[in-house]
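Undergrad: Structure provided below as structure tokens; questions to follow.
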Amino acid sequence: MGDLRNGCLILLLILMGFGVDVKGENLVFNVKHKYGGRNGNGSILNDLKAHDNRRHSRMLTVIDFKLGGNGLPTDAALYYTKISIGTPSRDFHVQVDTGSDILWVNCASCEGCPTKSDLGIDLMTYDPKASANGKSVSCDEEFCMLNTPYSDCRTGMPCDFQVSYGDGSSTAGFFVKDDIQFEQVSGDLQTTSMNGSIAFGCSSRQSGELGASNQAVDGILGFGQASSSVISQLAATGKVKKIFAHCLDGKNGGGIFTIGPVVHPKVNTTPLVPDTPHYNVIMKGIEVGGQVLDIPTTMAIIDSGTTLAYLPHKVYSTLINKLIERHPQLNIRLVEQSFHCFDYTGKIDDGFPVVTFRFADSLPLTVYPHDYLFQIEESRWCIGWQDSKMQTKDGTEITLLGDLALSNKLVVYDIEKQAIGWTEYDCSSTIKLKYEESSGSAYTVASHNISSAPMMDSTKFFTFFLIIISILFNLLK
């Protein structure tokens, strides 16, 4: 048995690259480092550094954002995540938005910022003076010169920002820079904290729906392609690749939102339209119940920050007529001057057609009746498709596809390859992210629903309370 054990050990050490001399029952190991001794060739340190650099280049930082909220127009109507900012850190709940380019949070002494939220979260404000590493960004800094178009920004002045959204709301303030803590994926279903110094907006003034309590959050996390976005800033420091993904759970809320290459599930892709500010793709056509609509090729924007889906007027009219042609008796009424609603007691997935969008490279995106119809009363349903009336600067009508069309699909944005893709997926399950370039090794990342966390905590507390009562009761017998 001893000879067998020694033989196996010798074989193992040989395979590991160690020299071995065998003398009787004793083993003498001639151990030599791959790059020799410290007193050897003068290039050893360079070799060591090059080895480490090659190793580090193969290791990818992948990040997990815990999601909350949902895409229901009658509920949260947005998806949000929680990030920690500053030293000491404070938690901020921010809407994830692929249609904008900066992260901003409500600033201390903000005018018009919300003070309460119906989403069950405690709202916070950011004060750069309260953070050890927080500082304002000035006009002469590179970040400001690249990301603000204001000609009156002068050296030494604070770098201002202003963002306007499609619903007429807006926010304005100044840029700051501080440490943000991200959850770096470190193993299957495991994360560790990772700091990144990020420039972001400190909102000192808001108007419109941003201040409404029913959907109020602490800010917006823009995941656009511009150099001002968080993913672009992290990529510029070499921390991450410019690839991210989301899977918005339209059934249970929450879902998956990550930075890093996805290796499972696989997705087919379509090219992004070059030199456009958003995630624009070419839409080749639309099928309703298998019938191809007579519409022109147009451009569509993929935007997780939008709840519904907006179509050019001609496309919208044609689509709506096809949807209801099976039900000429429907009495469609306008609700809240925005939604076309009707009474229906049957199963909507049986009574209404599937809508399929066709994109360049033959990529389909399927939207089911339970996705584009939402219930406001027991037997009353509203249509999520909207007449956009939106145009580009050159007058081209555009399609804007929000959570209505993106829910229950894994959507991957590969900014490096200028492509976007998706596949239908169970967003309450897991995906795999590649963390080593050469071997393709991957970690498993699970879905989250932080909006249900308070209820879960209460349930655990109640269970714990019952256990304590039971123990005390038995002790007193």
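Undergrad: Cβ-Cβ under 8 Å, sequence separation 6+ or interchain: first residue in the stretch 225-246 and in a loop (DSSP other than H, G, I, E, B), partner among the acidic types (Asp, Glu) and open to solvent by 10 Å² or more (accessible area, probe 1.4 Å). Which pairs?
TA: GLN225/ASP101; ALA226/ASP101; SER228/ASP101; SER229/ASP101; LYS241/GLU416; LYS242/ASP414; LYS242/GLU416
Undergrad: Does any residue of the stretch 140-150 turn out to be open to solvent by less than 10 Å² (accessible area, probe 1.4 Å) and touching a strand residue (DSSP E or B) at 6+ places or on another chain (Cβ under 9 Å)?
TA: Yes - at least one qualifying residue is present in the stretch 140-150.
Undergrad: Being under 26 Å from LEU67 (Cα atoms), not aromatic (Phe, Trp, Tyr) and not in a loop (DSSP other than H, G, I, E, B) is the filter here; which residues of the stretch 111-161 pass it?
TA: Of everything in the stretch 111-161, just one residue is under 26 Å from LEU67 (Cα atoms), not aromatic (Phe, Trp, Tyr) and not in a loop (DSSP other than H, G, I, E, B), namely PRO128.
Undergrad: Kindly indicate whether any position in the stretch 257-277 is more than 30 Å from VAL62 (Cβ to Cβ), of a type in the set (Asp, Glu) and in a loop (DSSP other than H, G, I, E, B).
TA: Scanning the stretch 257-277 turns up no residue that is more than 30 Å from VAL62 (Cβ to Cβ), of a type in the set (Asp, Glu) and in a loop (DSSP other than H, G, I, E, B).
Undergrad: Would you mention how many residues in the stretch 162-173 are assigned to a strand (DSSP E or B) and not aliphatic (A, V, I, L, M)?
TA: Residues in the stretch 162-173 being assigned to a strand (DSSP E or B) and not aliphatic (A, V, I, L, M): 5 in total.
Undergrad: Scan the stretch 420-439 residue by residue and report those that are modelled with pLDDT under 95, within 13 Å of VAL62 (Cβ to Cβ) and open to solvent by 30 Å² or more (accessible area, probe 1.4 Å).
TA: LYS434, TYR435, GLU437
Undergrad: Is it fair to say GLY222 is within 11 Å of the chain's Cα centre (by Cα), open to solvent by less than 10 Å² (accessible area, probe 1.4 Å) and more than 24 Å from THR423 (Cβ to Cβ)?
TA: For GLY222, the condition - within 11 Å of the chain's Cα centre (by Cα), open to solvent by less than 10 Å² (accessible area, probe 1.4 Å) and more than 24 Å from THR423 (Cβ to Cβ) - is met.
Undergrad: Anything in the stretch 71-110 that is of a type outside the set (Asp, Glu), free of Cβ contacts under 8 Å to residues at least 60 places away in the same chain and assigned to a strand (DSSP E or B)? List them, or say none.
TA: ARG90, ALA108 - these are the residues of the stretch 71-110 that are of a type outside the set (Asp, Glu), free of Cβ contacts under 8 Å to residues at least 60 places away in the same chain and assigned to a strand (DSSP E or B).
Undergrad: Still on this model: Given the criterion modelled with pLDDT of 95 or more and among the small types (Gly, Ala, Ser), identify the matching residue among ALA212, ALA216, ALA199.
TA: ALA199
Undergrad: Out of all the residues in the stretch 292-328, which are open to solvent by 70 Å² or more (accessible area, probe 1.4 Å) and among the small types (Gly, Ala, Ser)?
TA: none
Undergrad: Still on this structure, I have one more. Search the stretch 110-140 for residues being under 28 Å from the mean Cα position of the chain (by Cα) and among the acidic types (Asp, Glu), and hand back the single one that is farthest from GLY254 (Cα to Cα).
TA: ASP127
For (1) farther than 14 Å from VAL217 by Cβ; (2) modelled with pLDDT of 90 or more, each residue gets a yes or a no:
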{"position": "ARG58", "(1), (2)": "yes, no"}
{"position": "PRO73", "(1), (2)": "yes, no"}
{"position": "ASP91", "(1), (2)": "no, yes"}
{"position": "ILE102", "(1), (2)": "yes, yes"}
{"position": "CYS110", "(1), (2)": "no, yes"}
{"position": "PRO128", "(1), (2)": "yes, yes"}
{"position": "SER131", "(1), (2)": "yes, yes"}
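Undergrad: Right, something else. Given the residues PHE200, PHE182, which is the only one that is open to solvent by less than 20 Å² (accessible area, probe 1.4 Å), farther than 28 Å from ASP275 by Cα and in a strand (DSSP E or B)?
TA: After ruling out the rest, the residue left standing is PHE182.
Undergrad: Provide a single number: the residues in the stretch 258-274 that are of a type in the set (A, V, I, L, M, F, W, C), farther than 20 Å from LYS66 by Cβ and open to solvent by 20 Å² or more (accessible area, probe 1.4 Å).
TA: 3
Undergrad: When you look at ASN195, is it without any contact (Cβ under 8 Å) to a residue 40 or more places away in the chain, touching a strand residue (DSSP E or B) at 6+ places or on another chain (Cβ under 8 Å) and either in a strand (DSSP E or B) or under 26 Å from ILE256 (Cα atoms) (or both), yes or no?
TA: Criteria met by ASN195.
Undergrad: Hey, another quick one. Based on this model, can you work out whether GLY156 counts as under 25 Å from GLY208 (Cα atoms) and either modelled with pLDDT under 90 or open to solvent by 80 Å² or more (accessible area, probe 1.4 Å) (or both)?
TA: Criteria not met by GLY156.
The values are calculated or read from the model by the stated rules, or taken from the named source; none is laboratory data. Note that this is a predicted model, so its numbers are computed, not measured. Heads up, the Cβs are rebuilt from the backbone with ideal geometry, glycines too, and the neighbour counts pull from every protein chain shown. These area figures cover heavy atoms from the full protein model, side chains too; ligands, DNA and RNA do not enter into them. Shrake-Rupley method; radii C 1.70, N 1.55, O 1.52, S 1.80 Å.
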